[in-house]
Amino acid sequence: LIDSEIKQKIIDELNESNEITNSRQFAIKIGKEHEEVVAELNSLHAYEILLPEVIQEDIWEPTQEGQDYIEKGSPEVIFFNSIPQNGIALSELQKTLGPIAQIGFSQCMKLKWITTKKIEPSKEEIEKQQQQKKKAKVDQMIFQKVEKIEDKTKDLLLQLTKSTISSKDLQALKRRKLAQIVKIKYFKITKGATFERLITKKEKVHTDFNKEILSQELWKDAFFKKYNFNALGIYSSGHLHPLLKVRTQVREAFLELGFEEMDTSIWVESSFWNFDTLFQPQQHPARDMHDTFFMSKPEFSSDFPKEYMEKVKETHEKGGYESIGWRYDWDEQEAKKNIMRTHTTAISSRTLNSLIGQEFKPRRFFSIDRVFRNETLDATHLAEFHQVEGFIIDKNLSLGDLIGVITQFFQKLGMNKLKFKPAYNPYTEPSMEIFIYHDGLKRWIEVGNSGIFRPEMLRPMGFDEDVSVIAWGLSLERPTMIKYKVNNIRDLFGHKVDLQTIYSFPLCKITLEKFD
Ligand code: PHE
């Protein structure tokens, strides 16, 4: 606790005299700055070793002019000492002493230290002055009148801070603008509640609980430092990660287009919802070890909606709804395997399924959340990334609707150059990959995948034949990398991210642009 020379001196003083009446005087006494002493007092006060009482006082202090007098002597003394034995003309002294001559002269007169004698101007001088239409100037001779003088003004100024001078003298100094009042703060210190325990008996201070204190019940008698709820703490303003900024923009774009947000809290998903409900055959390469993280604990999920599961099985095995199916033996055990969801389309599937039983109406859904894939990590691939998922359910939707809504969505984010390329997906037909032209890189960047959900996916759920769903899945990272000029995805997300770069990313990069 006593980890500095000043603290030791404070404690010694309290031990000796029980109190420190004035922290400022104490600081002078031990030859330290008052601020240093106050810092140490605060630190001891935190342990309640001492009790500080703030005292505010008005004190008199020499002004700058007063300070000059202390250093050089008062003008009256300088003036007096400049007068030779047989006197001198005032004009002469004014020349040599400058501005202080006038003050010195009037003070000396007041103190009756000098006598004066008028010097009558000569006839020629009077004539000269009259010609210039000026009043003749009267000079005077100055003589010392007393033998010995004292510099009382200087002495009073020196005594000022010691407050031993009379109020009459004070007023005189104030009138001459040599002294002024300043407010000062200091502390009166007495021993605090813990002085005895912590200083005299040197008891240990605890700042937190630990195993020993708890198990041996030491807390019953131990001394705990009080929490300082007034401490300012160390904080700086927070910084938003670019992905979060783009996520907000994406979310706002969807909300403005009338989309509802899906609940994406299920990160650990069953293969059933992630693959089977999406009409992905169980031998599909995406399902094997290379792409998917399988869970070991808990390894399996159960309780799928029984009737629906039977329909999924049948569709996989034999088809239906004008489909011939995948033609293999569907294995329930395979569907039960738990995985880290590989796409948020699992959420879309769950959401669609939850609409069954409600009165049909066109609806739009979106989500933005993490997905996981067992990928080889490189500059553009991570084992986890964020997917922007969306779908619209309505009657008789077409590919034109899909192209239209995706175009509209990206336009809202200020990206106008879009290209669609035919693609394949087990659960959509037709399917399209989405590309955005990056002006900076001068090339097309793939940002996502889309399509119209197949009847093999929707019909087993119970949707009517004329109900169609257009859907897409985008990467959140890709557009963010394009917008924030990040070349390596590992600089954006994951354990290699340099926090300093996050701090210095621009506040906003996506701008609303006019239609091309
Ligand atoms: N799930 C697909 C993916 O992860 C994206 C997608 C969603 C494609 C919806 C079509 C329809 O890439």
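What pairs come up if the first residue lies in segment 358-373 and is surrounded by fewer than 17 Cβ atoms within 10 Å (Cβ to Cβ), the second is charged (D, E, K, R), and their beta carbons are under 6 Å apart, counting only those six or more places apart or on different chains?
Pro362/Asp394; Arg370/Glu384
Return the residue satisfying two criteria in turn: it lies in segment 444-469 and is within 16 Å of the ligand (Cβ to nearest atom) and of a type in the set (Gly, Ala, Ser), and of such residues it is modelled with the lowest pLDDT.
Only one residue fits best here, namely Gly448.
Can you tell me which of Tyr321, Tyr308 is hydroxyl-bearing (Ser, Thr, Tyr), over 19 Å from Asn425 (Cβ atoms) and over 40 Å from the mean Cα position of the chain (by Cα)?
Working: Tyr321 fails: over 19 Å from Asn425 (Cβ atoms).
The match here is Tyr308.
Quick one: in segment 278-298, which of the residues that are modelled with pLDDT of 90 or more and over 16 Å from Arg341 (Cβ atoms) is surrounded by the most Cβ atoms within 10 Å (Cβ to Cβ)?
Phe279
For Thr194, work out the one condition from (1) surrounded by 15 or more Cβ atoms within 10 Å (Cβ to Cβ); (2) closer than 30 Å to Thr63 by Cα it doesn't fulfil.
Unmet condition: (2).
Report, by residue number, each residue of segment 91-116 that is of a type in the set (A, V, I, L, M) and either out of contact with any Asp or Glu (no Cβ under 7 Å at 6 or more places or on another chain) or crowded, with 18+ Cβ neighbours inside 10 Å (or both). Explain how you work it out, then say what you get.
The initial filter retains those residues of segment 91-116 that are of a type in the set (A, V, I, L, M), namely 93, 97, 100-101, 103, 109, 111, 114.
Listed by number, the residues that qualify are Leu93, Leu97, Ile100, Ala101, Ile103, Met109, Ile114.
Can you tell me which of (1) in a strand (DSSP E or B); (2) away from the ligand (no atom under 16 Å from the Cβ); (3) hydrophobic (A, V, I, L, M, F, W, C) is the one Phe493 doesn't meet?
Result: Phe493 fails condition (1) only.
Might you let me know whether segment 17-31 holds any residue that is surrounded by fewer than 13 Cβ atoms within 10 Å (Cβ to Cβ) and closer than 30 Å to Lys137 by Cβ?
Scanning segment 17-31 turns up no residue that is surrounded by fewer than 13 Cβ atoms within 10 Å (Cβ to Cβ) and closer than 30 Å to Lys137 by Cβ.
If I filter segment 105-114 for residues that are part of a helix (DSSP H, G or I), closer than 24 Å to Lys177 by Cα and under 60 Å from the mean Cα position of the chain (by Cα), do I get at least one hit?
No - not one qualifying residue is present in segment 105-114.
Which members of segment 164-203 meet the condition of being of a type in the set (Gly, Ala, Ser) and farther than 30 Å from Leu218 by Cβ?
Ser166, Ser167, Ala172, Ala179
Quick check: anything in segment 34-47 over 37 Å from the mean Cα position of the chain (by Cα) and not small (Gly, Ala, Ser)?
No, the conditions are met nowhere in segment 34-47.
Looking for whichever is outside the structural domain of Leu93 (by TED's automatic domain parsing) and assigned to a loop (DSSP other than H, G, I, E, B) here; the options are Ile28, Ile2, Ile55. Which one fits?
Ile2
Within segment 279-309, track down each residue that is closer than 18 Å to Val469 by Cβ and out of contact with any Asp or Glu (no Cβ under 9 Å at 6 or more places or on another chain).
Those that are closer than 18 Å to Val469 by Cβ and out of contact with any Asp or Glu (no Cβ under 9 Å at 6 or more places or on another chain): Gln280, Tyr308.
Looking at segment 357-370, which of its residues are within 13 Å of the ligand (Cβ to nearest atom) and among the small types (Gly, Ala, Ser)?
Of everything in segment 357-370, just one residue is within 13 Å of the ligand (Cβ to nearest atom) and among the small types (Gly, Ala, Ser), namely Ser367.
Would you please name the residue that is surrounded by the fewest Cβ atoms within 10 Å (Cβ to Cβ), looking only at residues in segment 470-488 that are within 16 Å of the ligand (Cβ to nearest atom) and in a helix (DSSP H, G or I)?
Arg478
Could you tell me how many of the residues in segment 155-208 are over 30 Å from Leu50 (Cα atoms) and basic (Lys, Arg)?
5
If Leu441 satisfies all but one of (1) surrounded by fewer than 20 Cβ atoms within 10 Å (Cβ to Cβ); (2) at pLDDT 95 or above; (3) in a loop (DSSP other than H, G, I, E, B), what's the number of the condition it fails?
Unmet condition: (2).
Which of (1) within 60 Å of the chain's Cα centre (by Cα); (2) buried (at least 16 other Cβ atoms within 10 Å of the Cβ) does Met141 not meet, given it meets every other one?
If we test Met141 against (1) within 60 Å of the chain's Cα centre (by Cα); (2) buried (at least 16 other Cβ atoms within 10 Å of the Cβ), just (1) comes out false.
With respect to Ile347, determine if the residue is away from the ligand (no atom under 16 Å from the Cβ) and either out of contact with any His (no Cβ under 8 Å at 6 or more places or on another chain) or not assigned by TED's automatic domain parsing to the domain that holds Leu458 (or both). Let's see the steps before the verdict.
Details: away from the ligand (no atom under 16 Å from the Cβ): no; either out of contact with any His (no Cβ under 8 Å at 6 or more places or on another chain) or not assigned by TED's automatic domain parsing to the domain that holds Leu458 (or both): yes.
The answer is no for Ile347.
Scanning for something part of a helix (DSSP H, G or I) and within 16 Å of the ligand (Cβ to nearest atom), does segment 319-339 turn up at least one residue?
no
For segment 371-429, enumerate the residues that are more than 11 Å from the ligand (Cβ to nearest atom), among the small types (Gly, Ala, Ser) and either in a strand (DSSP E or B) or touching a helix residue (DSSP H, G or I) at 6+ places or on another chain (Cβ under 8 Å) (or both).
Hit for segment 371-429 is Ala379, nothing else.
Among the residues of segment 317-330, is any aliphatic (A, V, I, L, M), touching a residue at least 12 places away in the same chain (Cβ under 8 Å) and loosely packed, with under 12 Cβ neighbours inside 10 Å?
No, there is no match, as no residue in segment 317-330 is aliphatic (A, V, I, L, M), touching a residue at least 12 places away in the same chain (Cβ under 8 Å) and loosely packed, with under 12 Cβ neighbours inside 10 Å.
Is at least one residue of segment 197-208 within 52 Å of the chain's Cα centre (by Cα), among the polar types (S, T, N, Q) and outside any helix (DSSP H, G or I)?
Within segment 197-208, one or more residues are within 52 Å of the chain's Cα centre (by Cα), among the polar types (S, T, N, Q) and outside any helix (DSSP H, G or I).
If a residue has to be in a loop (DSSP other than H, G, I, E, B) and within 25 Å of Ala179 (Cβ to Cβ) to count, how many in segment 115-163 make the cut?
The total comes to 4.
The values are calculated or read from the model by the stated rules, or taken from the named source; none is laboratory data. Predicted model only: the values in this text are computed from it and were never measured. Cβ sites come from the backbone with ideal geometry, for glycine too, and all protein chains shown count toward neighbours.
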